[in-house]
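K.L.:
Quick one: the structure is below, and I'll ask about it shortly.
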Amino acid sequence: MKARYCLIPIPIVRRVSKTTSPLAVKLHADNQQVVIGNGIVSLNLSNPEGYIIGLYNSGSDNILAQKNEEIDRGYLDVVWNDAGKPGVFERIHGTNYSVIEANDDIVEVSFVKTWKTSMKGSSVPIIIDQRYILRRGDSGFYSYAIFTRPPGLPAVVVYQIRIVYKLDDARFHYMAISDTRQRKMPTMEDRTTGQPLAYPEAVLLTHASDPDIRGEVDDKYQYSCDNKDNSLHGWITKDDSAPVGFWVITPSNEFRNGGPTKQDLTSHVGPTSLSMFTSTHYGGKKVIISFDEGETYKKVFGPIFVYLNSAPSQTQFKSLWSDAVEKLSTEVGKWPYDFIGSKDFIPPNQRGAVSGQLQVQDRGGKAQPASNSYIGLALPGNAGSWQEESKGYQFWTQTEKDGSFSIKNIVPGDYNLYSWVPGFIGDYKYKTTITIKPGGHINLGSLVYNPPRNGPTVWEIGIPDRSAAEFYVPDPYSNLVNRLYLNDSKNGFRQYGLWARYTELYPKNDLIYTVGVSDYRKDWFYAQVTRSTATSSLPTTWQIRFQLQNVITGNYTLQLAMASATNSKLEITFNNPKATAYELSTELIGDDNTIARHGIHGLYKLYAVVVDSNHLVKGKNIIYLTQSVAKTLFEGIMYDYIRLESPPTTKHT
Ligand SMILES: *[C@@H]1O[C@H](CO)[C@@H](O)[C@H](O)[C@H]1NC(C)=O
């Protein structure tokens with residue numbers, strides 16, 4: 001890497017009076033750096049790579065980690081591989097810098113990474129154009145990336161696309177990712193002096209410099225968040241006399257993979273903030289992006305907005321979070337942006353909309369409004385395929401109380417309309433492909449979802465909501481806590497090491513759940529994990545015991561919904577622990593890694609297990625659920641909901 005001198009940031013005008021108009025945007029470039037400033041913030045980019053090497057909003061201190069090399073402060077990276085080859089982690093750097101637009105109101109610059117045959121194996125076969133925009137009056141900058149595959153490129157698998165910001169660790173100590181998930185964070189050194197735990201991305205902070213943090217567990221996955229909620233996170237220089245906030249604002253999820261309930265990382269020890277565009281976190285191999293040889297592609301990731309704010313005094317540091325929340329809502333209101341230089345970013349007036357009203361009718365019951373349902377468009381596929389869809393755009397909303405919905409700002413193209421309704425199992429898909437035209441608005445009118453059901457409910461366990469959170473989540477070990485979640489019952493599942501409580505609670509015999517006696521909130525462990533012995537991990541068999549007053553001749557159905565699975569194989573038998581003729585025997589399913597990463601939900605799966613009534617008896621019955629893969633502590637299944645249905649009656653057919 002060539003040596004650089006540091007171009008001076010464009011001067012920051014500390015107090016912009018409300019009555020004078022903001023200063024013009026200025027652009028300076030030489031053959032090493034591009035510097036853009038508007039009197040409020042100044043951004044230094046390496047030329048022609050496009051790494052973010054300096055970011056300033058007051059004084060002369062770089063907000064980014066000045067002590068890091070220039071390639072290691074702000075960058076976009078892609079994890080990918082050629083078929084059969086090991087994975088490559090690539091920091092994307094441009095070879096060609098150009099100015100897209102530069103006037104007093106806006107500067108947009110571009111850094112393009114090309115692809116040539118000589119780059120095979122060393123650079124991802126995708127042309128990547130990284131863009132930065134600074135506008136007059138804005139306390140922050142926009143960034144986005146255009147991924148293009150022209151004809152003729154080799155096959156490739158892409159696992160992850162993200163932007164990384166590494167901040168000045170001398171100043172940024174306080175992290176905020178939601179109204180309640182905020183704390184003073186450990187340092188990187190606290191991690192290196194700590195003790196790696198069973199899943200080594202988690203570290204016990206045995207030597208943390210701050211005694212209040214010493215003895216806690218740190219793991220970046222404890223700060224994961226569903227895509228739908230992953231729109232604002234960042235850091236505050238809490239200890240400064242005039243604290244500064246650094247925020248990653250993601251005003252739309254349209255470019256992320258896996259839909260609204262996919263989880264991903266936010267900010268973590270570093271101090272680091274991420275802008276996750278796509279990843280395999282909590283989804284595994286099913287959510288990779290796979291390109292065939294010659295397959296063409298075009299997608300815009302972002303824009304996102306990096307927002308900087310400051311407070312006049314130390315005591316007001318928390319106001320930077322609430323100010324950023326307000327800023328997020330302003331940015332969401334401006335979406336889709338109308339000032340983006342690339343014609344590949346579809347502006348508001350060329351987007352379309354879909355509206356309608358969704359009802360849910362469980363067989364045998366009356367149609368009712370599908371309130372608070374997740375409803376959205378994703379590339380055409382089977383019902384539920386959106387959660388594994390990573391290539392295209394997705395557009396989601398939640399229905400109103402009366403089931404009505406309106407999905408706006410849709411990029412033209414062909415989609416299916418998908419939904420899932422909290423409180424009901426299964427996936428809805430609208431019957432035909434929907435073609436969105438520029439400026440078009442489609443009203444689908446009244447839609448009805450009939451969730452799977454073969455007969456009346458005999459009993460049920462849990463709530464069908466694609467999460468295991470309603471089950472028994474134990475308290476953490478007192479020597480393995482993240483204090484942030486000690487008084488936050490909603491996030492208790494994010495504590496480290498909860499899986500180990502299983503063997504403690506069920507030292508000899510596995511979990512037995514007795515319908516009508518047990519309470520799933522207390523008696524159904526949040527995950528069917530493996531049993532630990534001193535030397536190994538063992539499979540477990542859970543039992544559901546229930547009484548039948550009489551057996552109706554015909555087929556019963558066990559509706560079994562999983563919230564997540566990791567390298568598991570589920571085998572189910574009725575009334576015969578030794579049977580090898582399983583009522584259900586899955587393949588090896590799932591690599592969500594939700595147990596190790598404290599996730600509580602990953603990819604949703606639904607099984608309808610049909611059992612002939614001659615396998616059931618009048619009186620006491622037992623269902624055996626065996627998770628038969630036990631290589632480590634981290635295989636297992638998180639159930640969402642289980643229901644036994646008796647044979648169909650005329651009402652239910
Ligand atoms: C029960 O299910 C089996 C297997 O799906 C099917 O072959 C059989 O016809 C069903 N029996 C009744 C009574 O519906």
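The values are calculated or read from the model by the stated rules, or taken from the named source; none is laboratory data. Computed from a prediction, not measured in an experiment: that's the story for all the values here. Backbone-built Cβ (ideal geometry, glycine too); neighbour counts: all protein chains shown. Areas reflect the complete protein model, heavy atoms only, side chains present, ligands, DNA and RNA absent. Shrake-Rupley method; radii C 1.70, N 1.55, O 1.52, S 1.80 Å.
K.L.:
Considering only residues of segment 184-200 that are at pLDDT below 95 and loosely packed, with under 15 Cβ neighbours inside 10 Å, which is nearest to Lys166 (Cα to Cα)?
P.N.:
Taking the candidates together, the pick is Pro200.
K.L.:
Within segment 360-417, count every residue that is under 19 Å from Ile289 (Cβ atoms) and among the acidic types (Asp, Glu).
P.N.:
Result for segment 360-417: 3.
K.L.:
Check Ala242 against each of (1) more than 30 Å from Gly413 (Cα to Cα); (2) in a strand (DSSP E or B) and name the one condition it does not meet.
P.N.:
Status for Ala242: all satisfied but (2).
K.L.:
Could I ask something else about it? Exactly one of (1) open to solvent by less than 30 Å² (accessible area, probe 1.4 Å); (2) without any contact (Cβ under 8 Å) to a residue 12 or more places away in the chain; (3) within 16 Å of the ligand (Cβ to nearest atom) is unmet by Gln559. Its number?
P.N.:
Among (1) open to solvent by less than 30 Å² (accessible area, probe 1.4 Å); (2) without any contact (Cβ under 8 Å) to a residue 12 or more places away in the chain; (3) within 16 Å of the ligand (Cβ to nearest atom), Gln559 violates only (2).
K.L.:
Now, a different point. Is it the case that segment 335-353 has a residue that's closer than 30 Å to Val156 by Cα, open to solvent by less than 60 Å² (accessible area, probe 1.4 Å), of a type outside the set (S, T, N, Q) and not in a loop (DSSP other than H, G, I, E, B)?
P.N.:
no
K.L.:
Can you name every one of the strands (runs of 3 or more DSSP E) wholly within segment 45-153 that holds 2 or more residues which are touching a strand residue (DSSP E or B) at 6+ places or on another chain (Cβ under 6 Å) and surrounded by 19 or more Cβ atoms within 10 Å (Cβ to Cβ)?
P.N.:
Result: 52-56, 74-81, 106-113, 127-135, 140-149.
K.L.:
Next question. Sort out which residues of segment 27-44 are crowded, with 21+ Cβ neighbours inside 10 Å and part of a loop (DSSP other than H, G, I, E, B), and write them in order of number.
P.N.:
If the condition is that a residue be crowded, with 21+ Cβ neighbours inside 10 Å and part of a loop (DSSP other than H, G, I, E, B), then Asn38, Ile40, Val41 are the ones that fit.
K.L.:
Hey, can you tell me all the residues within segment 283-316 that are open to solvent by less than 30 Å² (accessible area, probe 1.4 Å) and assigned to a loop (DSSP other than H, G, I, E, B)?
P.N.:
Selection gives Gly283, Ala311.
K.L.:
What is the one condition in (1) open to solvent by 60 Å² or more (accessible area, probe 1.4 Å); (2) touching a helix residue (DSSP H, G or I) at 6+ places or on another chain (Cβ under 9 Å) that Ile8 does not satisfy?
P.N.:
Ile8 satisfies all of (1) open to solvent by 60 Å² or more (accessible area, probe 1.4 Å); (2) touching a helix residue (DSSP H, G or I) at 6+ places or on another chain (Cβ under 9 Å) except (2).
K.L.:
Taking Leu625 as the residue in question, decide whether it is more than 29 Å from the chain's Cα centre (by Cα), of a type in the set (A, V, I, L, M, F, W, C) and within 16 Å of the ligand (Cβ to nearest atom).
P.N.:
No, not satisfied.
K.L.:
Next up: Within segment 398-427, take every residue that is in contact with a Pro (Cβ under 9 Å, 6 or more places away or on another chain) and among the polar types (S, T, N, Q) and give me the one that is most open to solvent (accessible area, probe 1.4 Å).
P.N.:
Ranking the qualifying residues of segment 398-427, first place goes to Gln398.
K.L.:
Same structure, new question: On the given criteria, is Thr278 surrounded by 23 or more Cβ atoms within 10 Å (Cβ to Cβ), touching a His at 6+ places or on another chain (Cβ under 9 Å), of a type outside the set (A, V, I, L, M) and not assigned by TED's automatic domain parsing to the domain that holds Asn491?
P.N.:
Here the answer is no, as Thr278 does not meet what is asked.
K.L.:
To continue, here is another question. Would segment 599-611 turn up any residue that is over 14 Å from the mean Cα position of the chain (by Cα), more than 16 Å from the ligand (Cβ to nearest atom), at pLDDT 95 or above and more than 30 Å from Val203 (Cα to Cα)?
P.N.:
Scanning segment 599-611 turns up at least one residue that is over 14 Å from the mean Cα position of the chain (by Cα), more than 16 Å from the ligand (Cβ to nearest atom), at pLDDT 95 or above and more than 30 Å from Val203 (Cα to Cα).
K.L.:
Mind listing whichever residues of segment 423-439 are part of a loop (DSSP other than H, G, I, E, B) and touching a strand residue (DSSP E or B) at 6+ places or on another chain (Cβ under 7 Å)?
P.N.:
Within segment 423-439, Phe424, Ile425, Gly426, Asp427, Tyr430, Thr433, Lys437, Pro438, Gly439 meet the criteria.
K.L.:
Determine which single condition Tyr582 fails, assuming it passes every other condition in (1) within 16 Å of the ligand (Cβ to nearest atom); (2) within 25 Å of Glu470 (Cβ to Cβ).
P.N.:
(2)
K.L.:
With (1) closer than 30 Å to Lys285 by Cα; (2) at pLDDT below 95 as the list, and Thr114 as the residue in question, which single condition is left unmet?
P.N.:
Condition not satisfied by Thr114: (2).
K.L.:
I'm trying to understand the selection: among the residues of segment 317-333, which are of a type in the set (D, E, K, R) and open to solvent by 70 Å² or more (accessible area, probe 1.4 Å)?
P.N.:
Answer for segment 317-333, where residues must be of a type in the set (D, E, K, R) and open to solvent by 70 Å² or more (accessible area, probe 1.4 Å): Lys318, Glu326.
K.L.:
Any residue in segment 602-631 that is farther than 30 Å from Thr280 by Cβ sitting within a Cβ distance under 7 Å of a residue that is basic (Lys, Arg)? List the pairs, counting only those 6 or more apart or interchain.
P.N.:
Listed by first residue and then by second, the contacts come to Lys620/Arg545; Ile622/Arg545.
K.L.:
Now for a separate question. I need the full set of residues from segment 243-255 which are open to solvent by 10 Å² or more (accessible area, probe 1.4 Å) and either under 28 Å from Asp190 (Cβ atoms) or in contact with a Phe, Trp or Tyr (Cβ under 6 Å, 6 or more places away or on another chain) (or both), in order please.
P.N.:
Pro251, Ser252
K.L.:
For segment 525-550, which positions are modelled with pLDDT of 95 or more, open to solvent by 50 Å² or more (accessible area, probe 1.4 Å) and of a type in the set (Val, Ile, Thr)?
P.N.:
none
K.L.:
OK, next. Search segment 201-212 for residues that are not assigned by TED's automatic domain parsing to the domain that holds Gly497 and pair each with any residue that is assigned to a loop (DSSP other than H, G, I, E, B) and among the small types (Gly, Ala, Ser) when their beta-carbon atoms are under 6 Å apart and the residues are at least 6 apart or on different chains.
P.N.:
Val203/Gly194; Leu204/Gly194; Leu205/Gly194; Thr206/Gly194
K.L.:
Pull out all pairs, ordered by first then second residue, where Cβ-Cβ is under 6 Å, the residues are six or more apart or on different chains, the first lies in segment 495-524 and is farther than 29 Å from Val203 by Cα and surrounded by 17 or more Cβ atoms within 10 Å (Cβ to Cβ), and the second is modelled with pLDDT of 95 or more and among the small types (Gly, Ala, Ser).
P.N.:
Matching pairs, first to second residue: Tyr520/Gly462.
K.L.:
Return the residues of segment 342-367 that are more than 15 Å from Ser252 (Cβ to Cβ) and either touching a Cys at 6+ places or on another chain (Cβ under 6 Å) or without any contact (Cβ under 8 Å) to a residue 24 or more places away in the chain (or both); say none if nothing qualifies.
P.N.:
Of everything in segment 342-367, those that are more than 15 Å from Ser252 (Cβ to Cβ) and either touching a Cys at 6+ places or on another chain (Cβ under 6 Å) or without any contact (Cβ under 8 Å) to a residue 24 or more places away in the chain (or both) turn out to be Lys343, Gly365, Lys366.
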